[in-house]
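Reading through the structure tokens given below for one structure.
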Amino acid sequence: MGEVAEARARHVAIIMDGNGRWAKRRGLPRAIGHQRGVEAVRRLVRGLEPMGLECLTLYAFSSENWKRSEDEVDDLMNLMRRFIKSDLPEFVANNVKLKIIGDWQSLAPDIVAMLEDALAQTANGQQTLAVALNYGGQHEIARAAAKAAAAGEVTIESLAAQLDTADLPPLDLLIRTSGEIRLSNFLLWQSAYAEMLFVDTLWPDFEPAHLAQALDDFARRERRYGGR
């Protein structure tokens, strides 16, 4: 018998895609698209509480994004700095706990210091916003396997315990915006039995209502986990 999903998902992850195309369609610089993408993140975080999610994980900067132009990478890093400064008080006030996954400690020292401060200030939050920074799923699995091997036998359980997401609920639903249909090296292990939703909406146009509809659709899905 399949297991019918009940109520709402606990953990949703989003590949936030389409900032550049959003800007291009409007004849605007890519930097403006990224700014509008940050505004979409802000709207989503502000609308989280009534949705009942325990964790929302966002793919903000992949380990492959370093291949982009130096100017675009600089724009993204500066956006990150501004977002942390401007929104941290709101995270604290709204009981949001920040978590960072990926090799974020290799980012610029000032960003690392800002993130460490944000993690400390939001440590007691009840809803988790996990942000993937300098993240790659294959790298995460390799790091986890090395740690598991150093500690003893490598099993599914011992490897999973070393993942960046080990303290988060299992991933229920993965959403990708912009119409692309691929995982792009995001949460590869965690997506093994996650439901997936690919939408045409470009990320800057993604609203809390889109997520609410996705959660409603998820609640009606029958999850089989390999069974019948």
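The values are calculated or read from the model by the stated rules, or taken from the named source; none is laboratory data. Just so it is clear, the structure is predicted and the values come from calculations on it, not from any experiment. Counting neighbours? That spans all protein chains shown, and the Cβs are built from the backbone with ideal geometry, glycine included. Heavy atoms of the whole protein, side chains included, go into the accessibility calculation; ligands, DNA and RNA do not. Shrake-Rupley method; radii C 1.70, N 1.55, O 1.52, S 1.80 Å.
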**Report entry** First in the stretch 146-158 and within 13 Å of Trp189 (Cβ to Cβ), second anywhere and hydroxyl-bearing (Ser, Thr, Tyr) and assigned to a loop (DSSP other than H, G, I, E, B), Cβ under 8 Å, 6 or more apart
**Finding:** Ala148/Thr155
Report task. Select, from Ala13, Ala9, Ala31, the only residue that is out of contact with any strand residue (DSSP E or B) (no Cβ under 9 Å at 6 or more places or on another chain), within 25 Å of Arg182 (Cα to Cα) and open to solvent by less than 40 Å² (accessible area, probe 1.4 Å). Result -> Ala31
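If a residue must be loosely packed, with under 14 Cβ neighbours inside 10 Å and under 17 Å from Ala194 (Cβ atoms), how many such residues does the stretch 140-168 contain? Walk me through how you get there before you give the answer.
Restricting attention to the stretch 140-168, the residues satisfying the condition of being loosely packed, with under 14 Cβ neighbours inside 10 Å are 142, 146, 149-153, 155-157, 166-167.
This time we only want the ones that are under 17 Å from Ala194 (Cβ atoms), so: 156, 166.
Residues that pass the stated criteria total 2.
Tell me which residues, restricted to the stretch 34-60, are aliphatic (A, V, I, L, M), open to solvent by less than 10 Å² (accessible area, probe 1.4 Å) and part of a strand (DSSP E or B).
Within the stretch 34-60, Leu56, Leu58 meet the criteria.
May I ask you to say which residue of Ser184, Ser191 is under 17 Å from the mean Cα position of the chain (by Cα), of a type in the set (Gly, Ala, Ser) and open to solvent by 30 Å² or more (accessible area, probe 1.4 Å)?
One residue alone meets the criteria, Ser184.
Can you pull out the helices (runs of 4 or more DSSP H) entirely within the stretch 127-228 that have at least 1 residues that are over 28 Å from Val92 (Cα atoms) and touching a Phe, Trp or Tyr at 6+ places or on another chain (Cβ under 9 Å)?
Working: elements: 137-151, 156-160, 208-219.
Output list reads 137-151, 156-160.
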